[in-house]
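K.L.:
Submitted below is the structure of interest, expressed as structure tokens.
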Amino acid sequence: MLLIPCPYCGKRDEHEFSYAREGHITRPTNGEQLSDAEWAQYLFMRKNPKGVHYERWMHAKGCRRYFYAARDTVTHEIYATYEMGQPAPVVDRGNGR
Amino acid sequence: MKQHYSIFTLARNAASYHEKWTEAWRSPDPKPEYDVVIVGGGGHGLATAYYLAKEHGITNVAVLEKGWLGGGNTGRNTTIVRSNYLWDESAHLYEHALKLWEGLSQDLNYNVMFSQRGLLSTAHTVHDMQALRRRVYAIQLNGIDSEILTREQVAEYCPILDCSPTARYPVFGASLQRRGGVARHDAVAWGYARGADARGVDVIQNCEVTGFKIEGGKVVGLETTRGSIGAKKVGVVVAGNCGVLAGMAGFRLPIESHPLQAMVSEPIKPVLDCVVMSGQVHVYVSQSDKGELVFGAGIDSFNSYSQYGSPPVVENMLNALIELFPIFSRLRFLRQWGGIVDTCPDASPIIGKTPIENLFFNCGWGTGGFKATPGSGHVFAHTIATGEPHKLNAAFSLERFATGYLIDEHGAAGVAH
């Protein structure tokens, strides 16, 4: 069971949250110029790292706000949670970034 | 030639107190170069090597396994085999596998304990039943056996399933694939390893790949924990690690890795003679030959490589289980574990070429790879040997994510394997 520190509500059990996958994926602003393969990179291709993963969670049974987490996909340790719009913090471990 | 397994071999070895059985496969040191190197010594990888040797006469082949044979998802799944998939592409691929399963023990001269005990897939709402009908009719149009059972027929077919009108999850009906069933998962890996080894394939355990040697967009070898190995072609079949291997080769996959949990109960007398799965409430169950009930859950939502999952998933599965089978409510659990499944956005696998020449990937089987083991190995061997996909896996290319030709099998593959 993960104990996830929501930036707004504090530490809560995993089952209060819903997972919203990889974070920091920016929608291309030049969509008309992109090839199908480039669109596929944006839509489908993922880092899926063994190590630090920068991902989104939503506190579905709490404040219902989205936030980011830097979490280790091997140990499940959560290094940091931070608000949407903030840059990813540097975590001194693994190959996530 | 390897020792042939038969009743006579058994009797002869019994006479010598079973002390003279020979090894089932060699444990050779890696050679400097191979025509084909398969990365991953699970069922799919070993099957690929076996069919490369048997069907295509390519025997200068190595299978590299970082741990022990079948120690990944081959040894962690719930052993269910079926081919009741909605779309033509999937139906043909899984049916190809099922037909190979039906002759596999004889082909390998190794008992994989394939038991076609019937597979029941229940529906619990009106809409569930409508979706189930649609799937059954599509499956029948593909010439694959599948039938619809009414609630009364389900109650007769599987008496311990709670089909009463007051059940928490009322059973509206079910689909039944009589040719579906279970197989012994370890035996599949061991049988293919033995068969491949007998044809000259080097099966090398405790040999982890740490990088690819790529020259001019073309793979020419691998770096491993047992030194450099040259390779004319490389096939990567590493469920639960394909993102890591793709990263080594410098490209990305549309795959995320999640834990999938399963568990077994204490062994009890025979009580369940078919496989029951419910996609609606996320549980699937069968009884092993040892008497243990084997249960599987849905995936954990978050990315992980940990090979364990979170308790809420187990709790959800057990809640559903005891509502469907009140008779199981006092059973004790023997053990519980997780495997890492590589899931694609369309819940279908990727089998084919990659941006690197002569490097082939077979991955993304998500929660349902075990049932496809023989078919997957068969078409992947064809892909590697000829450089072009077999007609059965042509649609399962990496390019489909750019063309938009997705094979959406969430309905069939979202749960229950």
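The values are calculated or read from the model by the stated rules, or taken from the named source; none is laboratory data. Quantities reported herein were computed from a predicted structural model and do not represent experimental measurements. With ideal geometry, Cβ positions are generated from the backbone for all residues, glycine too; neighbour counts draw on all protein chains shown. Surface areas here come from the heavy atoms of the whole protein model, side chains and all, with no ligands, DNA or RNA. Shrake-Rupley method; radii C 1.70, N 1.55, O 1.52, S 1.80 Å.
K.L.:
Within the bounds of the stretch B:47-55, is there any residue that is at pLDDT below 95 and in contact with a His (Cβ under 9 Å, 6 or more places away or on another chain)?
P.N.:
To start, the set of residues in the stretch B:47-55 that are at pLDDT below 95 comprises none.
For the stretch B:47-55, residues at pLDDT below 95 and in contact with a His (Cβ under 9 Å, 6 or more places away or on another chain): absent.
K.L.:
Turning to a different aspect of this structure: Applying the selection to the stretch A:46-97, what residues are at the interface with another protein chain (Cβ under 9 Å from one of its Cβ atoms) and small (G, A, S)?
P.N.:
A:G51
K.L.:
Can you say whether A:A60 is over 21 Å from B:R400 (Cα atoms), touching a residue at least 60 places away in the same chain (Cβ under 8 Å) and among the small types (G, A, S), as far as the supplied structure shows?
P.N.:
Working: over 21 Å from B:R400 (Cα atoms): yes; touching a residue at least 60 places away in the same chain (Cβ under 8 Å): no; among the small types (G, A, S): yes.
It is false that A:A60 is over 21 Å from B:R400 (Cα atoms), touching a residue at least 60 places away in the same chain (Cβ under 8 Å) and among the small types (G, A, S).
K.L.:
Another question, then. What pairs come out if I take residues in the stretch A:1-14 that are more than 14 Å from chain B (Cβ to nearest Cβ) and pair them with residues that are open to solvent by 70 Å² or more (accessible area, probe 1.4 Å) and not hydrophobic (A, V, I, L, M, F, W, C) whose C-beta lies under 7 Å away, six or more apart or interchain?
P.N.:
Pairs found: A:P5/A:K11; A:C6/A:R12; A:P7/A:E83; A:Y8/A:R65.
K.L.:
Hey, can you tell me all the residues within the stretch A:26-45 that are within 7 Å of another protein chain (Cβ to nearest Cβ) and among the charged types (D, E, K, R)? So that I can check it myself, show each step before the final result.
P.N.:
So the first thing to find is which residues in the stretch A:26-45 are within 7 Å of another protein chain (Cβ to nearest Cβ), and the list is A:36-37, A:40, A:44-45.
Scanning the stretch A:26-45 gives a single hit, A:D36.
K.L.:
Only one residue in B:F295, B:F302 is within 17 Å of the chain's Cα centre (by Cα) and of a type outside the set (K, R). Which one? Walk me through it before giving the result.
P.N.:
Numbers: B:F302 fails: within 17 Å of the chain's Cα centre (by Cα).
That would be B:F295, the only listed residue that is within 17 Å of the chain's Cα centre (by Cα) and of a type outside the set (K, R).
K.L.:
Out of (1) open to solvent by less than 20 Å² (accessible area, probe 1.4 Å); (2) more than 14 Å from chain A (Cβ to nearest Cβ), the odd one out for B:K233 is which?
P.N.:
(1)
K.L.:
Something else about it: Looking for something of a type in the set (A, V, I, L, M) and closer than 24 Å to B:P311 by Cα - is there at least one such residue anywhere in the stretch A:34-42?
P.N.:
The answer is no; no qualifying residue exists.
K.L.:
Testing B:R226 on (1) modelled with pLDDT under 95; (2) in contact with a Pro (Cβ under 7 Å, 6 or more places away or on another chain), one condition comes back false. Which one is that?
P.N.:
(1)
K.L.:
Out of curiosity, is B:I351 outside any helix (DSSP H, G or I), surrounded by 19 or more Cβ atoms within 10 Å (Cβ to Cβ), more than 14 Å from chain A (Cβ to nearest Cβ) and in contact (Cβ under 8 Å) with a residue 40 or more places away in the chain? So that I can check it myself, show each step before the final result.
P.N.:
Numbers: outside any helix (DSSP H, G or I): yes; surrounded by 19 or more Cβ atoms within 10 Å (Cβ to Cβ): yes; more than 14 Å from chain A (Cβ to nearest Cβ): yes; in contact (Cβ under 8 Å) with a residue 40 or more places away in the chain: yes.
It is true that B:I351 is outside any helix (DSSP H, G or I), surrounded by 19 or more Cβ atoms within 10 Å (Cβ to Cβ), more than 14 Å from chain A (Cβ to nearest Cβ) and in contact (Cβ under 8 Å) with a residue 40 or more places away in the chain.
K.L.:
On to the next question. Take the residues of the stretch A:3-57 that are within 16 Å of B:F302 (Cβ to Cβ) and in a helix (DSSP H, G or I): which is modelled with the lowest pLDDT? Outline the logic, then answer.
P.N.:
We begin by selecting, within the stretch A:3-57, every residue within 16 Å of B:F302 (Cβ to Cβ); these are A:3-6, A:12-23, A:46-57.
Cutting the leftovers down to in a helix (DSSP H, G or I) gives us A:14-16.
Working: A:E14: 94, A:H15: 91, A:E16: 96.
Among those that are within 16 Å of B:F302 (Cβ to Cβ) and in a helix (DSSP H, G or I), it is A:H15.
K.L.:
Follow-up. Which residue pairs have Cβ atoms closer than 9 Å, lie 6 or more positions apart in sequence or on different chains, and pair a first residue in the stretch B:262-275 that is buried (at least 16 other Cβ atoms within 10 Å of the Cβ) with a second residue that is of a type in the set (K, R)?
P.N.:
Going by the 9 Å Cβ cut-off, the qualifying pairs are B:A262/B:R76; B:M263/B:R335; B:V264/B:K290; B:V264/B:R335; B:S265/B:R332; B:C274/B:R117; B:V275/B:R82; B:V275/B:R117.
K.L.:
From the list B:G250, B:G298, exactly one residue is surrounded by fewer than 23 Cβ atoms within 10 Å (Cβ to Cβ) and at positive phi. Which is it? Spell out the reasoning first.
P.N.:
Details: B:G298 fails: at positive phi.
After ruling out the rest, the residue left standing is B:G250.
K.L.:
Moving to a separate point now. Take the conditions more than 30 Å from B:K233 (Cα to Cα) and among the aromatic types (F, W, Y) and apply them to B:Y85. Does it pass? Please lay out each step first, then the result.
P.N.:
Numbers: more than 30 Å from B:K233 (Cα to Cα): yes; among the aromatic types (F, W, Y): yes.
Yes: the conditions hold for B:Y85.
K.L.:
For the stretch A:58-67, check the following and say yes or no: at least one residue is in a loop (DSSP other than H, G, I, E, B) and either among the aromatic types (F, W, Y) or modelled with pLDDT under 95 (or both).
P.N.:
From the stretch A:58-67, those in a loop (DSSP other than H, G, I, E, B) are A:59-65; that's our starting set.
Cutting the leftovers down to either among the aromatic types (F, W, Y) or modelled with pLDDT under 95 (or both) gives us none.
For the stretch A:58-67, residues in a loop (DSSP other than H, G, I, E, B) and either among the aromatic types (F, W, Y) or modelled with pLDDT under 95 (or both): absent.
K.L.:
Among the residues of the stretch B:364-379, write down those that are farther than 18 Å from B:L398 by Cα and in a helix (DSSP H, G or I).
P.N.:
The first filter runs over the stretch B:364-379 and keeps only residues farther than 18 Å from B:L398 by Cα, leaving B:367-368, B:370-375, B:378.
Correct list: B:F370, B:K371, B:A372, B:T373, B:P374, B:G375, B:H378.
K.L.:
Test of understanding: among B:L398, B:L406, B:L331, B:L359, which residue is farther than 23 Å from A:A40 by Cα and in contact (Cβ under 8 Å) with a residue 12 or more places away in the chain? Please lay out each step first, then the result.
P.N.:
Numbers: B:L398 fails: farther than 23 Å from A:A40 by Cα; B:L406 fails: farther than 23 Å from A:A40 by Cα; B:L359 fails: farther than 23 Å from A:A40 by Cα.
Testing whether each residue is farther than 23 Å from A:A40 by Cα and in contact (Cβ under 8 Å) with a residue 12 or more places away in the chain leaves just B:L331.
K.L.:
Let me ask something else about it. So, in the stretch A:1-28, of the ones that are under 17 Å from A:G85 (Cα atoms) and β-branched (V, I, T), which residue ends up most open to solvent (accessible area, probe 1.4 Å)? Break it down stepwise before answering.
P.N.:
Taking the stretch A:1-28 as the starting set, the residues that turn out to be under 17 Å from A:G85 (Cα atoms) are A:6-8, A:20-28.
Adding the requirement that they be β-branched (V, I, T) leaves A:25-26.
Values: A:I25: 69, A:T26: 115 Å².
Taking the candidates together, the pick is A:T26.
K.L.:
Checking the conditions here, which among B:L64, B:L149, B:L141 is modelled with pLDDT of 95 or more and within 19 Å of the chain's Cα centre (by Cα)?
P.N.:
That would be B:L64, the only listed residue that is modelled with pLDDT of 95 or more and within 19 Å of the chain's Cα centre (by Cα).
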